[in-house]
Amino acid sequence: MSQTRPELGTPTSYTFPKPRRITVGGGTVVAVDVPGQHLVSLRLVHPFGGAVEPLDAMGVSALTSEVLEDGPGGGSSLAPALERYGAEWVSRVSWDGFITGLDAPAGRLGEAVGLFTDAVRRPALKPDDIVGRRSQLLERFWLEAASAGTLAMRSLGGQLFTGRYATPLAGGPVRLADITPETVAAFHAERIASVAGTLVVVGDLSRVDLVELGKTVFGDAAPAPEREISEPAPPPGELPRVLIVDRPGSVQSALVIAHRAPSRSQVDLPRAEGISEVFGGMFTSRLNLELRERLGYTYGAGSRFDLRRDSGVFFMSTQVEADTTAHSVTSSLEQAAELRDSGVTEEELAAVREANTVGLPVSYSTARSIAGALVDMVVHDLPDDHVDRVRAGYERLTKEALDSAAVEYLHPEEAVVVVVGDAGRLRGPLADTGVGPVEVRTPDELWS
């Protein structure tokens, strides 16, 4: 017997769960209780990412993050120790935050958190472990840079910034090699061990004493100091301009076009990310339709914002055949200029709205995803209802709002173009575009 397919109802607005905030000693616990979610996600946030590293110790936060996995006993002892409690270690560094954490069954959380606290506050930091981790990071840096796309992205900072952002987050091969065990120990003592931070906890918390949890993790550590925010300076030179990172014999080019953007607090997120999606963030974006569908130059092109506490970057990226590189650059810049001049269509507006509202219940269906959103709020000092504000912003988005966003946030006249490919084949055609002066460098020269 056949059945009639039920009709879809109108999607209801998603509401992000309201977190509970508790001050414990020098730190703050930010918690969301999700009944029935028995895998608890715990994240400890310190406000010391790569952006605040001293220039003579670039990469120390990334190296310290790696070394913490050696645990209080040293020698990669942490992961197998946590496995006894069914827990998994988490550690990452961004430009604005140093995040450690674990995912553990609610029933074993207390035991796992004790080991986690020892790993964060009292790690072994054995010199041999630090030197070994440093060698691994250096090897990984060049292995990842074997990807032309990765190399192009890592080359971007020096074209947009002076100071810390000119060198990749992991420190670059030259700076990272100079970091000593003593430097790591000093960074850890000053920025991690002695600073309480903010503890994010998400899961079924019916049997979790959040105050005791905070006391265990924070101990007698001090509150995090306020970070001074100042906009980083740009490097000297004409804009727009082109950098070719030479890879002799390459038959393809990795292409990144980017310019500076406002900081996270200065950006209206639904308008900014909405116009980025129209330009290059969706399969039906302007860039993808032009470079992939119409010209057949690439399998895909994309764009997005990288927003930080003191600045931001907007970039588009793709990979194309070498002989189509110059036209790909001019076509991409033309698409940005046309979007600024003509604005979006009603179909593009509808696609942006739907993409950022309908799927929210799925996006935040796990403890990990909710914890990730809370970490973002902590790192960027966002309000507890940030997700709801952004969702509401997308729901009331208009064509006029996106049109004005294109003018406000897209600046092809200020762009830098980074191309990783065969300079011998690319330099002449790229110079002929008239985009701007062309410089050629080798990968070894980028961060020396």
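Evaluate region 378-399: report whether one residue or more is part of a helix (DSSP H, G or I) and over 30 Å from residue 34 (Cα atoms). Scanning region 378-399 turns up at least one residue that is part of a helix (DSSP H, G or I) and over 30 Å from residue 34 (Cα atoms). Within region 204-228, the set of residues being farther than 19 Å from residue 194 by Cβ, aliphatic (A, V, I, L, M) and assigned to a loop (DSSP other than H, G, I, E, B) comprises 205, 208. Taken as a whole, the condition of being outside the structural domain of residue 160 (by TED's automatic domain parsing), assigned to a helix (DSSP H, G or I) and farther than 30 Å from residue 294 by Cβ applies to residue 375.
Checking 182, 144, 212 one by one, the residue that is in contact with a Ser or Thr (Cβ under 6 Å, 6 or more places away or on another chain) and among the acidic types (Asp, Glu) is 144 and no other.
Taken as a whole, the condition of being touching a residue at least 40 places away in the same chain (Cβ under 8 Å) and more than 22 Å from residue 268 (Cα to Cα) does not apply to residue 407. Just for region 217-256: of the residues that are of a type in the set (Val, Ile, Thr) and farther than 30 Å from residue 432 by Cβ, which one is modelled with the highest pLDDT? So, considering only residues that are of a type in the set (Val, Ile, Thr) and farther than 30 Å from residue 432 by Cβ, the one modelled with the highest pLDDT is 217.
Could you tell me whether residue 363 is modelled with pLDDT under 95, surrounded by fewer than 21 Cβ atoms within 10 Å (Cβ to Cβ), more than 18 Å from residue 271 (Cβ to Cβ) and among the polar types (S, T, N, Q)? Even if it seems obvious, please write down each step before you answer.
Working: modelled with pLDDT under 95: yes; surrounded by fewer than 21 Cβ atoms within 10 Å (Cβ to Cβ): yes; more than 18 Å from residue 271 (Cβ to Cβ): yes; among the polar types (S, T, N, Q): yes.
Judged against the criteria, residue 363 is a match.
Every residue, every condition in (1) modelled with pLDDT under 95; (2) in contact with a strand residue (DSSP E or B) (Cβ under 8 Å, 6 or more places away or on another chain); (3) surrounded by fewer than 20 Cβ atoms within 10 Å (Cβ to Cβ), yes or no:
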{"position": "127", "(1), (2), (3)": "no, no, yes"}
{"position": "130", "(1), (2), (3)": "no, no, no"}
{"position": "133", "(1), (2), (3)": "no, no, no"}
{"position": "159", "(1), (2), (3)": "no, yes, no"}
{"position": "170", "(1), (2), (3)": "yes, no, no"}
{"position": "173", "(1), (2), (3)": "yes, no, no"}
{"position": "193", "(1), (2), (3)": "no, no, yes"}
{"position": "202", "(1), (2), (3)": "no, yes, no"}
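Each row is one residue, and each column tells you yes or no for (1) surrounded by fewer than 21 Cβ atoms within 10 Å (Cβ to Cβ); (2) touching a residue at least 60 places away in the same chain (Cβ under 8 Å); (3) out of contact with any Asp or Glu (no Cβ under 6 Å at 6 or more places or on another chain); (4) not assigned by TED's automatic domain parsing to the domain that holds residue 212.
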residue	(1), (2), (3), (4)
25	yes, yes, yes, no
45	no, yes, yes, no
54	yes, no, yes, no
73	yes, no, yes, no
81	yes, no, yes, no
94	yes, yes, yes, no
108	yes, no, yes, no
111	yes, no, yes, no
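Residue by residue, here is whether (1) part of a helix (DSSP H, G or I); (2) small (Gly, Ala, Ser) holds:
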| site | (1), (2) |
| --- | --- |
| 130 | yes, no |
| 144 | yes, no |
| 179 | no, no |
| 230 | no, yes |
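Does region 147-169 contain any residue that is at positive phi and of a type in the set (S, T, N, Q)? Checked against the condition, which is being at positive phi and of a type in the set (S, T, N, Q), region 147-169 yields no hits at all. On the stretch given as region 407-428, residues that are part of a helix (DSSP H, G or I), surrounded by 16 or more Cβ atoms within 10 Å (Cβ to Cβ) and more than 25 Å from the chain's Cα centre (by Cα) total 4.
The values are calculated or read from the model by the stated rules, or taken from the named source; none is laboratory data. Owing to the predicted nature of the structure, the values given are computational and were not obtained by experimental measurement. No Cβ is skipped: glycine too gets one built from the backbone with ideal geometry, and neighbour counts run over all protein chains shown.
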